[in-house]
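Each reported figure results from applying straightforward, stated rules to the coordinates on display, with no laboratory input. Small disclaimer: the values here were computed from a predicted structure and weren't measured. Heads up, the Cβs are rebuilt from the backbone with ideal geometry, glycines too, and the neighbour counts pull from every protein chain shown.
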There are 4 protein chains.
Amino acid sequence: MLKLYRMLPSSSSSSSRNQLLQILSYRKLEVRDFSTSTNNYSAAKGYASDRIFAPYSVYKGKAAFSLSPCLPTFTKLDSGALVVDRRGSIMMSFMPAIGERKYDSDKKQRFALSATEVGSLIAMGPQDSCEFFHDPSMKSSNAGQVRKSLSIKPHSNGYFVSLNVVNTLLNTKDNFSVPVTTAEFAVMKTACSFALPHIMGWDHLTSPTNQQSSGKVSFQPKTNSHILDLEWEK
Amino acid sequence: MLKLYRMLPSSSSSSSRNQLLQILSYRKLEVRDFSTSTNNYSAAKGYASDRIFAPYSVYKGKAAFSLSPCLPTFTKLDSGALVVDRRGSIMMSFMPAIGERKYDSDKKQRFALSATEVGSLIAMGPQDSCEFFHDPSMKSSNAGQVRKSLSIKPHSNGYFVSLNVVNTLLNTKDNFSVPVTTAEFAVMKTACSFALPHIMGWDHLTSPTNQQSSGKVSFQPKTNSHILDLEWEK
Amino acid sequence: MLKLYRMLPSSSSSSSRNQLLQILSYRKLEVRDFSTSTNNYSAAKGYASDRIFAPYSVYKGKAAFSLSPCLPTFTKLDSGALVVDRRGSIMMSFMPAIGERKYDSDKKQRFALSATEVGSLIAMGPQDSCEFFHDPSMKSSNAGQVRKSLSIKPHSNGYFVSLNVVNTLLNTKDNFSVPVTTAEFAVMKTACSFALPHIMGWDHLTSPTNQQSSGKVSFQPKTNSHILDLEWEK
Amino acid sequence: MLKLYRMLPSSSSSSSRNQLLQILSYRKLEVRDFSTSTNNYSAAKGYASDRIFAPYSVYKGKAAFSLSPCLPTFTKLDSGALVVDRRGSIMMSFMPAIGERKYDSDKKQRFALSATEVGSLIAMGPQDSCEFFHDPSMKSSNAGQVRKSLSIKPHSNGYFVSLNVVNTLLNTKDNFSVPVTTAEFAVMKTACSFALPHIMGWDHLTSPTNQQSSGKVSFQPKTNSHILDLEWEK
């Protein structure tokens, strides 16, 4: 079963909704495949209505990729404290082109940028390059079976963003290379800079919306307040 | 009917309200002309009271322009998921001067900067220039009848921001050229950097205010959580 | 009556509260002097409890200044639309030193940076300088009686921030000059960049908290939605 | 009693929760030691459930450190006004390594970066260095007994972040030195830039969530509104 969708020209809004519905239907399939989730807070029932899709996508001749922030999940301890359960990331999803403005979602590959990898991207100057290596099965018995590398390298008018996935189990190699303009990279940098404190969970430490328990009076989490004491009192 | 309004000197707040009321009355006319809107969420009745006007305006000798963010609209699917219906933009509105500090709102022309075009503006160095081309009727039978181009070009102390609109149907040509200082351009860059994640809809992916369904426990949209699994599990 | 307060050393938190209480008592006096305010929304009764004080202050040998954002005020029209009534600013307040770590609040002078002036400050490189001129009575019969100029000029390790106020009516001249380090100027730039969209009122155009009327579905103000149509439809 | 915890490799999420639980348990001990807090708003009872932990940590061979924002606390005056009671900071916590990926939390030392010190960090170019000195007991009879210095110095691919603590009372000297990559430093800069307005308390001056008392109409704190009048009217 081959699933395709057309690239959306930036100025044609007429087909936008249909395309996004199509993307969504794929994702619903993916969700179904992995619905045996752990019982953490993010998977509590009733959240189906909270799915929001707003990826930033770059469609080019041979491949496309999109960026979307994934927030950290928190676990509530018996004490009532919240602690990060799974770290957030910027998820990059790549698809190969299989025709003019057609991309193969069945060959989608993902790469989750950690906070520090996002920092690397944000800090890049016009002549800088970077490369990250992930092994999804690291430290398990399957270590080394799948190796992913993402590279960002400068070219004349922007960067090449490339993902390489080697799966020794399936004996497959996937390679995606997408040229991005300086304008597109500026969007990536600005959006990632915006998202970084959120994928770190720092928005929960600083947001006034978390501070309204005492009416309009701001507060900081009790423990941090004491940490501050520690420097002075120790 | 020729509608005019006076330029507001930056330090005279006395006439500010009147001017803004006048701008608003024009806009209400415009709204009336286009009130046969599609039945999406942004057009649900009852929103008349939510109109907010806070453009950033640059008034110069021959023309003026203003910037205002336009948020994306979302469609709610049967599944409860939200998907971008129309992409957001930074709307630029130009008016020609027709006298000292008088501008002709009947000759207003608009240009909606996409996220990537905003990225281009944000990334501009002091000697950089950029130009964008829009055809409002692209891919329709009217394609090519109206052609718009926006250019930003460096000059001694800032940039020239120019809009060119050629309407072959009405046989009209409009040209607006507004010199902006480096200070004004810094406001444009900072404001556009602030607005960019919002016109992309990323504020909905990261805002704690969207995460309060489970009390004070943060969560990420269920699907994204599974997308994160995908990198590790695939 | 001469009112004084001591400078707070950055690492001594013990006297912080007393100092701030003292500052506040001065400000209440000032408020009383000007309580014949216009009947706009910001002056609606009941807001006394919403006063929040968190200025960024730079205390130096001959003078001190502080920065604090002043939000725009909006007026609600009969149509329900909100329109900016008074533009926001970054208020700078200067006081001369009259002894070691003592400053004279009776000789306080203020200078309200507009959005564009904030842009000028944000855009400054290490060797740049800028100067702004204000006449509080511009366009009135008192024009020219009070002239204020604020300058920011580079020096070896940062900038000199200076305010000059000439009052021909009172025949007084006040001059304040405060050296700021690059670290202090970085705080000023970062804080002003953060505040700029807020003093422009753009936070009201982009904040999800303004978009909750239709449940969790985002929307943009109705009129802006139509403005977006305008580029395509005109 | 020696408490240890293992370093979490960035791509292994399986042990993440356990590690964080362990960190938390240490912190609860610390909180207990200092629970004789002043009766300010941040210590009001009922806040135990609001503890949130999301530090940014850099683990290296000889030591580790983490960053976490500490919000300012406010005091409500009889007039209803809020005034900063204790200034916010970015808390840095260092621990020495005592084996491969093992760190000694009993030898933890803290250093609270003030807003201006954060500005210094944010403003650092690739070749810049900075150093800060704190005396937790400054201006008390114990002045000089504990001296802390934090330095950030450039090296080939990033910076060395070092903390030096000399305690003449206990006759101890602690030294921590952690190399950070440019990517890690970019995360620190971006996260600190995000947090800076919050540790200054400016989010309370600008957040629309503080402005909803009059329905959807924005306002600015009453006093600030009058401060604005002051520039024009004085």
**Complete:** Rounded to one decimal in nm, the spacing of the 7 Å Cα→Cβ label points at residue A:79 and residue A:173 is 5.1 nm
**Cα centroid separation, region A:146-197 to region B:64-83 (Å)** = 27 Å
**Message:** What does the structure give for A:111-117 when I average, per residue, the other chain Cβ atoms found within 10 Å of the residue Cβ?
**Reply:** 5
**Prompt:** Taking the Cα atoms of region B:104-172, what is the range of coordinates along each of the three principal axes, in descending order and whole Å?
**Reply:** 39, 28, 17
**Asked** Is the shape of region D:52-207 best called rounded, prolate or oblate, per the rule: a/c under 1.5 gives rounded, else a/b larger than b/c gives prolate, else oblate, with a ≥ b ≥ c the square roots of the Cα gyration tensor eigenvalues?
**Response** oblate
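What does the charge count around residue A:166 come to, taking other residues whose C-beta lies under 12 Å from its C-beta (Lys +1, Arg +1, Asp -1, Glu -1)? Each step should come with its number before you reach the end.
Values: positive: A:147, A:148, A:173; negative: A:135, A:174.
Around residue A:166, the surrounding residues sum to +1.
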**Message:** I need the calculated FRET efficiency for the pair residue B:166 and residue B:141, taking r as the beta carbon distance and R₀ as 22 Å, to the nearest 0.05.
**Reply:** 0.75
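Quick check on my link table: of D:139/D:173; A:173/B:76; B:189/D:76; A:76/A:148; C:60/C:107, which ones sit more than 26 Å apart, alpha carbon to alpha carbon?
Numbers: D:139/D:173 22 Å; A:173/B:76 38 Å; B:189/D:76 37 Å; A:76/A:148 33 Å; C:60/C:107 16 Å.
From D:139/D:173; A:173/B:76; B:189/D:76; A:76/A:148; C:60/C:107, over 26 Å: A:173/B:76; B:189/D:76; A:76/A:148.
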**Asked** What does the charge add up to near residue A:63, with Lys and Arg as +1, Asp and Glu as -1, over the other residues with Cβ less than 11 Å from its Cβ?
**Response** +2
**Ascending count of other beta-carbon atoms within 10 Å, so fewest first, for D:156, C:120** = D:156, C:120
